[in-house]
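The values are calculated or read from the model by the stated rules, or taken from the named source; none is laboratory data. What you see is a predicted model; the values in this text were computed from it and never measured. Quick reminder, even Gly has a Cβ in these numbers, built from the backbone with ideal geometry, and neighbours come from all protein chains shown. Each accessible area value is taken on the protein alone, full model and side chains, heavy atoms only, with ligands, DNA and RNA left out. Shrake-Rupley method; radii C 1.70, N 1.55, O 1.52, S 1.80 Å.
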Amino acid sequence: MSRSIRTFILSFLGVVLLSACGGHTPGKGKGEGDTLSLNHASRIKVVRFDGFTQVSLADPWNSGKTLHRYILVPVDKPLPGNLPEGTVVRTPLKKAVVSTSVHCGLIIDLGRGDAIAGICEPQYIHIPWVLERVKKGEIADCGSGLSPTVEKIIDLSPDAIFLSPFQNSGGYGQIEHLGIPIIETADYMETSALGRAEWMKFYGLLFGAEQAADSLFAGVERSYLELKAKAEADAERPTVLMDKQVGSVWYVPGGQSTIGKLIADAATNYPWSGNDDSGSLSLPFESVLDKAQQADVWLFRYNSPNDISFPELLSENQGYAQFKAFNSKNVFGCNTATVNFYEETPFHPERLLRDIVSITHPKLNLGSPSYFQKLK
């Protein structure tokens, strides 16, 4: 396709394709529908109607407002008349562009890896199955997750594009005008680890894998709650510090974030448990030291070709020597370059919970952690 033709398409797709399957359809649905019961997710609502399913995503940054509403209609059925307002998505998706390794991993878990037609930033994806297909040209590299390559998207003509929304991001640029449904993956703003994992039911609906998603989540939920109960039975309540300084800022999980809540579910004390943020907090070193100097356990994530050691950690910041956990050598690092932490734990929080419980409650004899390793 020549550059001039692509430019022509970009100029008119917003008008021509808006009336297609990815556009916003005005109108009002009839009847109250059947609401899908979600036990943990608080920012998503799924209601079944005759001929379509309505999925509403709550805006995590503006209380009481809707981030996005989707109208899922089976591709083999005609569009019902008088649909409610929302982005119409024909299901199951056969061809999707997925911008994060997290959702690539889930789609594969649901048995629909064949529907991944394009990805963003393969250098941050550590799933061999995906990378092998990128190498063979079976999955397209669509550029940056923040600004996918529009021309590549046009060439692929996917059924949907999975993108992560951010506060005050200003939208998705030209991608919004292609008439292709944008699935906003706001699951990371849920207020509990199981709440985020339960979003797999929504993604299961999109890919025609509803039963697989229900079964997968049932196993995740069962294992998670069993681990939580075991941790609560231990009288010890060690204090946990998370992550480390990056540049001039130390990012720690907010008290209402999925990681913050998960740390609490491990029956530990978290210095920022009383914080109301569901994202990350950007703090100066002094604030973290003041709040967590006496933490018993220090867990942090990093990306490096080699596992970090105590001397290397101290060389990054001599101030780390002021922390109790550093001096007691109770520090555990997760090298995301060598383990699939980001690919697995968002929708398998039971695996991360097991790691934290095994570290903070060693008397339970859960064995060695899978993601975090004690520094040498």
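Things worth noting here:
- Candidates are the residues of the stretch 171-187 that are among the small types (Gly, Ala, Ser) and part of a helix (DSSP H, G or I); the one that is surrounded by the fewest Cβ atoms within 10 Å (Cβ to Cβ) is 173.
- Top-ranked residue of the stretch 225-247 - restricted to ones that are touching a His at 6+ places or on another chain (Cβ under 9 Å) and assigned to a helix (DSSP H, G or I), ranked as least open to solvent (accessible area, probe 1.4 Å): 231
- Residue list for the stretch 192-208, filter: surrounded by 21 or more Cβ atoms within 10 Å (Cβ to Cβ) and assigned to a loop (DSSP other than H, G, I, E, B): 192, 198, 199, 207
- Wholly enclosed helices (runs of 4 or more DSSP H) of the stretch 87-166 bearing at least 3 residues open to solvent by less than 10 Å² (accessible area, probe 1.4 Å): 101-109
- Take the conditions (1) modelled with pLDDT of 95 or more; (2) within 22 Å of residue 106 (Cβ to Cβ); (3) of a type outside the set (D, E, K, R); residue 241 misses just one of them, which is (2).
- Any hit, the stretch 254-273, residues being farther than 24 Å from residue 350 by Cα, among the polar types (S, T, N, Q) and out of contact with any Pro (no Cβ under 6 Å at 6 or more places or on another chain): no
- Residue match in the stretch 14-26 (condition: assigned to a loop (DSSP other than H, G, I, E, B) and at pLDDT 95 or above): no
- Any hit, the stretch 345-352, residues being at negative phi, open to solvent by less than 30 Å² (accessible area, probe 1.4 Å) and in contact with a strand residue (DSSP E or B) (Cβ under 8 Å, 6 or more places away or on another chain): no
- Count of the stretch 284-337 residues which are surrounded by fewer than 17 Cβ atoms within 10 Å (Cβ to Cβ), of a type in the set (A, V, I, L, M) and over 26 Å from the mean Cα position of the chain (by Cα): 3
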